[in-house]
1. Sorting T334, T472 on the 10 Å Cβ count, fewest up front, what's the list?
2. Of L377, A39, I143, which is farthest along the charge dipole of the chain in the positive direction, counting Lys and Arg as +1 and Asp and Glu as -1 at C-beta?
3. Fewest Cβ neighbours within 10 Å first, please rank L90, L82, L442 accordingly.
4. In debye, nearest 20, what is the charge dipole magnitude of the range 204-275 about its Cα centre with +1 on Lys and Arg Cβ and -1 on Asp and Glu Cβ, if you could check?
5. As I understand it, the value is the acute angle between the Cα axis of helix 75-91 and the longest principal axis of the Cα atoms of the chain; what does it come to in degrees, rounded to 10?
6. Mind ordering 298-306, 127-135 by average Cβ neighbours within 10 Å, highest first?
7. How big is the Cα convex hull of the chain in projection, averaged over all directions, in nm²?
8. Say the cut-off is 24 Å between C-alpha atoms; which of K112/K257; K93/K321; K112/K360; K112/K324; K321/K366; K93/K266 go over it?
Amino acid sequence: MLKEVTLRSPVKPINCLHFINGKYLPSFNGKTFNNINPATEEVLGSVAEGGKEEVDLAVQAARRALKGPWKYTTVEERSKLLRRIGDLILERKEELAYLESLDTGKPFSLAKTVDIPRAAYNFHFYADYIIGVNTDANEQNDIALHYTLRRPVGVIGIIKPWNLPLLLLTWKLAPALAMGNTCVIKPAEWTPITATVLMEIMKEAGLPDGVANLVHGFGTNSAGAAISEHPDVDAISFIGEPSTGAAIMRSAAQNLKKLSFELGGKNPNIIFADANIDDCIDTTIRSSFVNQGEVCLCGSRIYVERPIFDLFMEKFIAKTKELKVGDPLNPETTTGALISKEHYERVFSYIEIAKADGAKIHVGGKRPEGLEKGYFLEPTIITGLDKNSRCVREEIFGPVVTVAPFDTEEEVICEANDTHYGLAATVWTSDLKRAMRITRSLEAGVIWVNTWFLRDLRTPFGGMKHSGIGRTGGMHSIDFYSEFSNVTIKY
Ligand code: NAD
């Protein structure tokens, strides 16, 4: 039997345990790995390393919970529970933001104003939304009534990335619970903390044991693969890289699991000469560098119409130089540390590729002076690359953007779409007809005109091509987490 232990946070060390059937537990074999603070390179604490056995225990608990009191909860009861979870997240906003910042290297101010409030809102939004969900009924003349029953899918495996840990976990978890499913969650190995605390919060809110379980560990040959291979997991909700999505799809094929994938992006940011340049620069600073550029929606390929190219570069470079890279806990910091040594080296390797490809680095491209420890990189602006350079084609997922001039609408649409990705795109223009024309031609699941990251959670969110399968948000998530039966009654 596993030994029950309680989570101790936020006192150091912050040790993360699995959470199975309502209890914090270590691994069967006691195996752990270290969690590193990316801003200091110090060990934050240990993380229980799970695998097949822990996942199996969690899946069994989730299956049992599907038949327990959770099965009989009404929509109103689940709505109240979600609301309570959202409230408790807000009550612990400071603590959660602090933990998220320690774990990811992102600025505390960002975690406090974006990640944690949005995590709470994910629960509040679905608490309201689920109340209005109804089912179809179709009367067929005087012959029959067809109506549709909607029920939970079953046990959902939720596998998460590290860039927006609590925000993205709750984005998947809230609608899954709203529909009455049970879950086995695997947070990213780099960022285990806030998911672990969320389990405590949900228990306090009244979530029955076994409804949400969490197993820490890695992907391949570890907890992630164990979830995607498990025959008693009915669906997988995954956010991460396309190559991981492909691996999960192969495992999930063995028992035909339902899949929802939100994958990577190499998003174009297209700026026409008639754009409001100051609005555009302010937003482009965010869309390029917020969260160290570690947001799947970041516009890492910037295309600027030639007449304003020099003006844009001058203003963009000047504003980028104002960004403050450093200690994530300092309220003035705008740009924290990258997630890990491995990722830091990977992002730097793209700067080397750019140099070898003859690019000009206008700003950044190096570790900030005075910061000897931590995975810090100055926000970096690159020009002069051929469209086939790996820097222009591959997702870098760091504070690095490429900028190129363009002359015609046709040319920029062609370049913007010349990628396997299709997650997001941004267009800056004051010509409404052009905006309408361009948005119809862009191959992206999420398109913004004269803004970026403006979200309404009712709208479909997700990518086309290698950027995802399916959409989330509003009814799209509710449908993914629903199983349907159509009933026909002949009169
Ligand atoms: P990743 O694919 O390396 O890992 C994501 C998760 O999958 C981790 O929990 C990991 O342990 C697990 N995993 C790895 N291999 C696995 C396997 N074989 N089977 C099962 N699980 C496995 O991604 P990452 O580096 O954590 O995140 C960055 C990526 O996520 C980027 O590509 C980014 O664009 C993407 N992302 C997309 C969205 C979106 O909404 N579209 C949002 C955030 C991040």
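1. Numbers: T334 19, T472 23.
The most exposed by this proxy come first: T334, T472.
2. I143
3. Numbers: L90 15, L82 28, L442 19.
So the residues, fewest neighbours to most, are L90, L442, L82.
4. On the way: 4 positive and 8 negative charges, 63 e Å.
In total the dipole reaches around 300 debye.
5. 50 degrees
6. Values: 298-306: 23.9, 127-135: 14.8.
Sorting 298-306, 127-135 by mean packing, highest first, produces 298-306, 127-135.
7. Working: hull surface 98.1 nm².
So the Cα hull casts an average projection of 24.5 nm².
8. Numbers: K112/K257 36 Å; K93/K321 31 Å; K112/K360 36 Å; K112/K324 18 Å; K321/K366 13 Å; K93/K266 32 Å.
In this structure, K112/K257; K93/K321; K112/K360; K93/K266 lie more than 24 Å apart at Cα.
Read-outs throughout are calculated quantities, based only on the coordinates presented, and are distinct from any laboratory measurement. Keep in mind the model is a prediction, meaning the values are calculated, not measured. No Cβ is skipped: glycine too gets one built from the backbone with ideal geometry, and neighbour counts run over all protein chains shown.
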